[in-house]
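Below: one structure in C-alpha coordinates.
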Amino acid sequence: MAPKSDSVEGIVLTFVNEQNRPLNVQNAADALQKFNLKKTAVQKALDALADNGQISFKEYGKQKIYLARQDQFNIPNAQELDEMKKQNAELQEELAAQKKATSEVEAEIRTLQSNLTLEEINSKQAKLKSEVKEMEEKLKKLQSGVVLVKPEDKKAIEDSFHEKVNQWRKRKRMFKEIWDAITENSPKDQKEFKEELGLEYDEDVGVILQSYTELLNSNKKRRVS
(Lines give C-alpha, C1' and ligand atoms only; values in the text may rest on other atoms or scores of the structure.)
Protein backbone atom coordinates (compact mmCIF):
# COMPACT_ATOMS: atom_id res chain seq x y z
CA MET A 1 0.00 0.00 0.00
CA ALA A 2 1.34 3.38 -0.99
CA PRO A 3 2.04 5.80 1.91
CA LYS A 4 0.04 9.00 2.27
CA SER A 5 1.55 11.82 0.23
CA ASP A 6 1.90 14.08 3.28
CA SER A 7 3.56 11.46 5.48
CA VAL A 8 7.35 11.20 5.84
CA GLU A 9 7.43 8.08 3.67
CA GLY A 10 5.11 9.69 1.12
CA ILE A 11 7.33 12.78 0.86
CA VAL A 12 10.50 10.68 0.53
CA LEU A 13 8.91 8.35 -2.07
CA THR A 14 7.74 11.30 -4.18
CA PHE A 15 11.22 12.82 -4.01
CA VAL A 16 12.98 9.58 -5.03
CA ASN A 17 10.60 9.01 -7.95
CA GLU A 18 10.89 12.61 -9.18
CA GLN A 19 14.69 12.51 -9.05
CA ASN A 20 14.92 9.05 -10.63
CA ARG A 21 18.65 8.85 -10.04
CA PRO A 22 20.89 7.10 -7.50
CA LEU A 23 20.68 8.78 -4.08
CA ASN A 24 22.22 8.22 -0.70
CA VAL A 25 20.59 9.24 2.57
CA GLN A 26 22.60 12.48 2.73
CA ASN A 27 21.45 13.57 -0.75
CA ALA A 28 17.83 13.00 0.25
CA ALA A 29 18.19 14.61 3.69
CA ASP A 30 19.79 17.76 2.23
CA ALA A 31 17.05 18.14 -0.37
CA LEU A 32 14.21 17.48 2.08
CA GLN A 33 15.28 20.01 4.71
CA LYS A 34 12.53 22.29 3.37
CA PHE A 35 10.03 19.80 4.83
CA ASN A 36 11.80 19.98 8.23
CA LEU A 37 12.77 16.31 7.96
CA LYS A 38 15.80 15.14 9.92
CA LYS A 39 18.38 12.76 8.49
CA THR A 40 17.32 9.94 10.83
CA ALA A 41 13.68 10.25 9.72
CA VAL A 42 14.72 10.22 6.05
CA GLN A 43 16.93 7.16 6.63
CA LYS A 44 14.09 5.34 8.35
CA ALA A 45 11.66 6.19 5.53
CA LEU A 46 14.11 5.06 2.83
CA ASP A 47 14.69 1.75 4.55
CA ALA A 48 10.95 1.19 5.03
CA LEU A 49 10.24 1.96 1.38
CA ALA A 50 13.04 -0.39 0.32
CA ASP A 51 11.78 -3.17 2.56
CA ASN A 52 8.27 -2.75 1.11
CA GLY A 53 9.66 -2.95 -2.42
CA GLN A 54 8.48 0.56 -3.30
CA ILE A 55 12.03 1.68 -4.15
CA SER A 56 15.19 -0.21 -5.07
CA PHE A 57 18.51 -0.09 -3.25
CA LYS A 58 22.01 -1.49 -3.42
CA GLU A 59 24.68 -1.67 -0.78
CA TYR A 60 28.22 -0.50 -1.48
CA GLY A 61 30.18 -1.34 1.61
CA LYS A 62 28.54 0.46 4.52
CA GLN A 63 26.60 2.82 2.26
CA LYS A 64 23.20 2.24 0.71
CA ILE A 65 22.24 3.71 -2.63
CA TYR A 66 18.51 4.17 -3.29
CA LEU A 67 16.78 4.42 -6.67
CA ALA A 68 13.22 4.65 -7.92
CA ARG A 69 11.77 1.42 -9.28
CA GLN A 70 12.20 1.53 -13.04
CA ASP A 71 9.27 -0.77 -13.81
CA GLN A 72 6.86 2.03 -12.89
CA PHE A 73 8.11 4.24 -15.72
CA ASN A 74 7.13 3.91 -19.36
CA ILE A 75 10.39 3.57 -21.28
CA PRO A 76 9.93 4.70 -24.90
CA ASN A 77 11.00 2.43 -27.76
CA ALA A 78 13.19 3.50 -30.68
CA GLN A 79 10.24 4.80 -32.73
CA GLU A 80 8.90 6.79 -29.79
CA LEU A 81 12.37 8.23 -29.15
CA ASP A 82 12.61 9.37 -32.78
CA GLU A 83 9.20 11.01 -32.50
CA MET A 84 10.27 12.73 -29.28
CA LYS A 85 13.44 14.00 -30.95
CA LYS A 86 11.39 15.35 -33.84
CA GLN A 87 9.01 17.11 -31.45
CA ASN A 88 11.96 18.50 -29.54
CA ALA A 89 13.48 19.93 -32.75
CA GLU A 90 10.13 21.55 -33.63
CA LEU A 91 9.85 23.01 -30.14
CA GLN A 92 13.41 24.37 -30.39
CA GLU A 93 12.52 26.10 -33.68
CA GLU A 94 9.36 27.52 -32.13
CA LEU A 95 11.36 28.71 -29.12
CA ALA A 96 13.91 30.43 -31.40
CA ALA A 97 11.08 32.16 -33.27
CA GLN A 98 9.51 33.29 -29.99
CA LYS A 99 12.87 34.63 -28.77
CA LYS A 100 13.30 36.57 -32.03
CA ALA A 101 9.81 38.03 -31.74
CA THR A 102 10.48 38.95 -28.11
CA SER A 103 13.75 40.66 -29.08
CA GLU A 104 11.97 42.67 -31.78
CA VAL A 105 9.28 43.78 -29.33
CA GLU A 106 11.91 44.74 -26.73
CA ALA A 107 13.81 46.73 -29.37
CA GLU A 108 10.60 48.56 -30.32
CA ILE A 109 9.93 49.32 -26.66
CA ARG A 110 13.45 50.73 -26.22
CA THR A 111 12.94 52.90 -29.31
CA LEU A 112 9.64 54.24 -27.96
CA GLN A 113 11.20 54.88 -24.55
CA SER A 114 14.03 56.86 -26.18
CA ASN A 115 11.55 59.23 -27.88
CA LEU A 116 10.68 62.51 -26.24
CA THR A 117 7.47 62.79 -24.25
CA LEU A 118 4.92 65.49 -25.13
CA GLU A 119 6.06 67.50 -22.11
CA GLU A 120 9.70 67.27 -23.21
CA ILE A 121 8.76 68.26 -26.79
CA ASN A 122 6.86 71.34 -25.54
CA SER A 123 9.77 72.31 -23.30
CA LYS A 124 12.28 71.95 -26.13
CA GLN A 125 10.01 73.88 -28.51
CA ALA A 126 9.76 76.75 -26.02
CA LYS A 127 13.53 76.83 -25.62
CA LEU A 128 14.09 76.87 -29.40
CA LYS A 129 11.54 79.66 -29.83
CA SER A 130 13.39 81.69 -27.23
CA GLU A 131 16.72 81.11 -28.99
CA VAL A 132 15.20 82.05 -32.38
CA LYS A 133 13.75 85.24 -30.92
CA GLU A 134 17.12 86.15 -29.41
CA MET A 135 18.91 85.57 -32.72
CA GLU A 136 16.28 87.56 -34.65
CA GLU A 137 16.77 90.51 -32.31
CA LYS A 138 20.52 90.26 -32.78
CA LEU A 139 20.07 90.13 -36.56
CA LYS A 140 17.87 93.24 -36.49
CA LYS A 141 20.58 95.10 -34.59
CA LEU A 142 23.19 94.06 -37.14
CA GLN A 143 20.95 95.03 -40.06
CA SER A 144 20.27 98.42 -38.49
CA GLY A 145 23.98 99.16 -38.30
CA VAL A 146 24.30 98.96 -34.53
CA VAL A 147 27.94 98.38 -33.55
CA LEU A 148 28.11 95.38 -31.25
CA VAL A 149 31.89 95.61 -30.80
CA LYS A 150 33.56 98.90 -29.97
CA PRO A 151 36.19 100.06 -32.51
CA GLU A 152 38.88 100.21 -29.81
CA ASP A 153 38.07 96.67 -28.67
CA LYS A 154 38.14 95.43 -32.25
CA LYS A 155 41.52 97.11 -32.85
CA ALA A 156 42.96 95.61 -29.65
CA ILE A 157 41.86 92.14 -30.74
CA GLU A 158 43.28 92.58 -34.23
CA ASP A 159 46.60 93.91 -32.89
CA SER A 160 46.85 90.98 -30.48
CA PHE A 161 46.12 88.53 -33.29
CA HIS A 162 48.74 90.23 -35.49
CA GLU A 163 51.34 89.98 -32.71
CA LYS A 164 50.61 86.30 -32.02
CA VAL A 165 50.90 85.38 -35.71
CA ASN A 166 54.22 87.25 -35.99
CA GLN A 167 55.53 85.50 -32.86
CA TRP A 168 54.44 82.18 -34.31
CA ARG A 169 56.21 82.88 -37.60
CA LYS A 170 59.36 84.00 -35.74
CA ARG A 171 59.48 80.94 -33.48
CA LYS A 172 58.81 78.63 -36.42
CA ARG A 173 61.77 80.15 -38.28
CA MET A 174 64.03 79.88 -35.20
CA PHE A 175 63.12 76.23 -34.75
CA LYS A 176 63.85 75.46 -38.40
CA GLU A 177 67.29 77.06 -38.18
CA ILE A 178 68.16 75.09 -35.03
CA TRP A 179 66.70 71.85 -36.41
CA ASP A 180 68.60 72.18 -39.69
CA ALA A 181 71.83 72.79 -37.78
CA ILE A 182 71.29 69.70 -35.60
CA THR A 183 70.27 67.33 -38.37
CA GLU A 184 72.57 68.59 -41.14
CA ASN A 185 75.27 66.00 -40.55
CA SER A 186 73.18 63.51 -38.54
CA PRO A 187 73.03 59.96 -39.96
CA LYS A 188 69.59 59.48 -38.44
CA ASP A 189 66.43 59.71 -40.47
CA GLN A 190 64.83 63.06 -39.63
CA LYS A 191 61.32 61.63 -39.30
CA GLU A 192 62.48 58.88 -36.93
CA PHE A 193 64.61 61.36 -34.97
CA LYS A 194 61.62 63.70 -34.61
CA GLU A 195 59.42 60.85 -33.33
CA GLU A 196 62.19 59.76 -30.94
CA LEU A 197 62.30 63.26 -29.43
CA GLY A 198 58.52 63.48 -29.30
CA LEU A 199 58.37 66.56 -31.53
CA GLU A 200 55.24 67.58 -33.41
CA TYR A 201 55.00 70.00 -36.33
CA ASP A 202 52.05 72.32 -36.71
CA GLU A 203 50.74 70.12 -39.49
CA ASP A 204 50.83 67.07 -37.20
CA VAL A 205 48.10 68.61 -35.05
CA GLY A 206 46.09 70.04 -37.95
CA VAL A 207 47.31 73.66 -37.69
CA ILE A 208 48.80 75.60 -40.62
CA LEU A 209 50.48 78.97 -40.19
CA GLN A 210 49.68 79.93 -43.78
CA SER A 211 45.93 79.96 -43.13
CA TYR A 212 46.37 82.41 -40.24
CA THR A 213 48.73 84.54 -42.33
CA GLU A 214 46.11 84.75 -45.07
CA LEU A 215 43.51 85.74 -42.51
CA LEU A 216 45.83 88.46 -41.22
CA ASN A 217 46.47 89.78 -44.74
CA SER A 218 42.76 89.76 -45.47
CA ASN A 219 42.14 91.84 -42.36
CA LYS A 220 44.82 94.32 -43.44
CA LYS A 221 43.11 94.73 -46.83
CA ARG A 222 39.81 95.46 -45.12
CA ARG A 223 41.48 98.14 -43.01
CA VAL A 224 42.98 99.81 -46.11
CA SER A 225 39.70 99.75 -48.03
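Residue check: is LEU112 open to solvent by 80 Å² or more (accessible area, probe 1.4 Å), aliphatic (A, V, I, L, M) and either at pLDDT below 85 or not in a helix (DSSP H, G or I) (or both)?
Spelling it out, LEU112 is indeed open to solvent by 80 Å² or more (accessible area, probe 1.4 Å), aliphatic (A, V, I, L, M) and either at pLDDT below 85 or not in a helix (DSSP H, G or I) (or both).
Within the stretch 177-202, track down each residue that is surrounded by 11 or more Cβ atoms within 10 Å (Cβ to Cβ), of a type outside the set (Val, Ile, Thr) and part of a helix (DSSP H, G or I).
TRP179, GLN190, PHE193, LYS194, GLU195, ASP202, listed by residue number.
Which pairs do you get when a residue that is at positive phi, found in the stretch 24-53, comes within reach of a residue that is part of a loop (DSSP other than H, G, I, E, B) and open to solvent by 20 Å² or more (accessible area, probe 1.4 Å), reach meaning Cβ atoms under 9 angstrom, with the pair 6+ apart or on two chains?
The qualifying pairs are GLY53/ARG69.
To continue, here is another question. Across the stretch 54-84, which residue is surrounded by the most Cβ atoms within 10 Å (Cβ to Cβ) among those that are over 10 Å from VAL16 (Cβ atoms) and in contact (Cβ under 8 Å) with a residue 12 or more places away in the chain?
LYS64
Among (1) over 49 Å from the mean Cα position of the chain (by Cα); (2) at pLDDT 90 or above; (3) under 22 Å from PHE73 (Cβ atoms); (4) surrounded by fewer than 13 Cβ atoms within 10 Å (Cβ to Cβ), there is one condition THR40 misses while meeting the rest; what is its number?
Looking at each condition in turn, THR40 falls short on (3).
The values are calculated or read from the model by the stated rules, or taken from the named source; none is laboratory data. The structure presented is a predicted model; accordingly, all values stated were derived computationally and were not measured. Positions of Cβ are generated from backbone atoms using ideal geometry, with glycine treated the same way; all protein chains shown enter the neighbour counts. Calculation scope for accessible area: heavy atoms of the full protein, side chains included, ligands and nucleic acids excluded. Shrake-Rupley method; radii C 1.70, N 1.55, O 1.52, S 1.80 Å.
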